[in-house]
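Worksheet for the structure shown next.
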Amino acid sequence: MADVLTKYDNWLGADDTVAALVIREYLVPVEGADGVIFPATFAAAEDKSKFPGGYNIDTFSDGKNVCLIDSVGSQSNRIEPIFAEPRYSELVPQVVVRAGEKRINLLQAGHRAGDALVRCSGLQNELQNAFKAVQNGNAEPLAKIAPTSLVFGVWDSRDTQAKLPRLIASTIRAFNVRKLTRSAQFVPATEYTKEGLLQPTDDKKLGAAYAERGFVHVPASGSHGGVIADGGIRREATLSLAALRLLRSEKDPARTLALRRYIFGLALTALTYPAGSYLRQGCNLVADPDKPRDFLEVHIDGKRMPANIAHADALTFASAAAKGFGVGKDRTVDFDTKLAARDVGGNEVADESAAKKNGKRK
């Protein structure tokens, strides 16, 4: 156990020569290298002249371009929930919020420990104190409640303003893409108006309702049809050891080392987790058999050395580090509607909401 725990201490202590662990994976569509894939789509910017919406493709002066296939936020949201699965669940506290009929694990909350779901729950005060402790240089209280917030990053933007960087950043991009369009035509099961099943209409509002409910022919022309990546597709993932070494416990150097080992174990488990190949409809990516992945230890002087840590070894270390640190307790708390009302509109709104609930008027 001691050998396992100390295995990576040279990356976590005073020796700051290693900046990061970096994985670069080369991917291809399941259909083949020239297959069509569908990137993520994004809403238009408020100023549509800056971004009209759709695929995020950056084009450069030489005509080359880069297309975002899966963002850093999306990749984090795909990986973080693994810590609720049986094989990994003992590594982190399982914090569940009861919100109406739903039971929502904190690992599924979009803003992690800074999410409204948990901020307006029975954990409000404890989390607030944990964020304040982080601001004062002590990350241990937050690691006892929401350690993956230290791994994937968190910003308590609605309260203390505590902000922690992502230790893990993973992104998938395609290079030198050709953009396609597609068209379709919906044909209803029968001619409802011609058959007298619905009244014919020239009213635009009613006609739109017919179309929306599937009663009339609806053409769809020139919509997004995917891309072909002539320059290949890459997933690039980084575990920042430089950022990890900023984490501290206020108690003593031994607790700081235990904290760093614990968070590093979680981060290493996430970094080496076998990524799922299915991202969305029309985007199923697999490893390029002709281009093996690079897994490197990158030093601050630019030197790159092979790392190649297997996921099983990462999980073994994470388990030992979790025991050494002491995983926070599992708990289930309730979402507090009064706290939510106060969060939105202050005490007056919360008091009015409570009065209405009790059948009283202010």
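Within the range 23-30, can one find any residue that is closer than 30 Å to Ile145 by Cβ, touching an Asp or Glu at 6+ places or on another chain (Cβ under 8 Å) and at pLDDT 95 or above?
Yes, there is a match, as at least one residue in the range 23-30 is closer than 30 Å to Ile145 by Cβ, touching an Asp or Glu at 6+ places or on another chain (Cβ under 8 Å) and at pLDDT 95 or above.
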Looking across the range 274-319 at residues that are acidic (Asp, Glu) and part of a strand (DSSP E or B), the single one that is nearest to Pro147 (Cα to Cα) is Glu297
Residue set Arg255, Arg178, Arg234; condition surrounded by 15 or more Cβ atoms within 10 Å (Cβ to Cβ), part of a strand (DSSP E or B), touching a residue at least 24 places away in the same chain (Cβ under 8 Å) and of a type in the set (D, E, K, R); output residue Arg234
Name the one entry in Ala220, Ala211 that is more than 26 Å from the chain's Cα centre (by Cα), within 29 Å of Gly282 (Cα to Cα), hydrophobic (A, V, I, L, M, F, W, C) and modelled with pLDDT under 90. Ala220
Condition set without any contact (Cβ under 8 Å) to a residue 60 or more places away in the chain and basic (Lys, Arg), scope the range 26-85, selection nearest to Phe175 (Cα to Cα): answer is Lys50
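Can you find a residue in the range 137-146 that is in a helix (DSSP H, G or I), within 26 Å of Ser74 (Cβ to Cβ) and touching an Asp or Glu at 6+ places or on another chain (Cβ under 9 Å)? Can you show your working first?
Step one: list which residues in the range 137-146 are in a helix (DSSP H, G or I), which gives 140-145.
Okay, now just the ones that are also within 26 Å of Ser74 (Cβ to Cβ), so 142-143, 145.
Filter once more, keeping what is touching an Asp or Glu at 6+ places or on another chain (Cβ under 9 Å): 145.
Yes.
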Do any strands (runs of 3 or more DSSP E) lying entirely in the range 1-79 carry at least 3 residues that are crowded, with 16+ Cβ neighbours inside 10 Å, and which ones are they? 18-29, 65-70
Checking Phe83 against (1) under 18 Å from Ala318 (Cα atoms); (2) assigned to a loop (DSSP other than H, G, I, E, B), which test does it fail? (2)
So which residues in the range 241-274 are under 15 Å from Ser170 (Cβ atoms) and among the β-branched types (Val, Ile, Thr)? Thr269, Thr272
List pairs: first in the range 289-306 and closer than 19 Å to Arg235 by Cα and assigned by TED's automatic domain parsing to the domain that holds Arg234, second part of a loop (DSSP other than H, G, I, E, B) and of a type in the set (S, T, N, Q), Cβ under 7 Å, 6+ apart or cross-chain? Phe295/Asn308
Count of the range 280-298 residues which are surrounded by 14 or more Cβ atoms within 10 Å (Cβ to Cβ) and touching a Ser or Thr at 6+ places or on another chain (Cβ under 8 Å): 2
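Residues checked against (1) without any contact (Cβ under 8 Å) to a residue 12 or more places away in the chain; (2) of a type in the set (A, V, I, L, M); (3) closer than 25 Å to Ile79 by Cα; (4) surrounded by fewer than 24 Cβ atoms within 10 Å (Cβ to Cβ):
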| site | (1), (2), (3), (4) |
| --- | --- |
| Ile104 | no, yes, yes, yes |
| Gly110 | no, no, yes, yes |
| Asp115 | yes, no, yes, yes |
| Leu123 | no, yes, yes, yes |
| Val134 | no, yes, yes, no |
| Leu150 | no, yes, yes, no |
| Ser157 | no, no, yes, yes |
| Pro165 | no, no, yes, yes |
Quickly run through the range 149-164 and pick out the residues that are over 19 Å from Gln124 (Cβ atoms) and not in a loop (DSSP other than H, G, I, E, B). Leu150, Val151, Phe152
Got at least one residue in the range 266-273 being assigned by TED's automatic domain parsing to the domain that holds Ile23, at pLDDT below 95 and in a helix (DSSP H, G or I)? no
Exactly one condition in (1) in contact with a helix residue (DSSP H, G or I) (Cβ under 9 Å, 6 or more places away or on another chain); (2) surrounded by 15 or more Cβ atoms within 10 Å (Cβ to Cβ); (3) of a type in the set (Asp, Glu) is not met by Glu250; state its number. (2)
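The values are calculated or read from the model by the stated rules, or taken from the named source; none is laboratory data. Predicted, not measured: the structure shown is a model, and the values here were computed from it. As a convention, Cβ positions derive from the backbone with ideal geometry for all residues, glycine included, and neighbour counts pool all protein chains shown.
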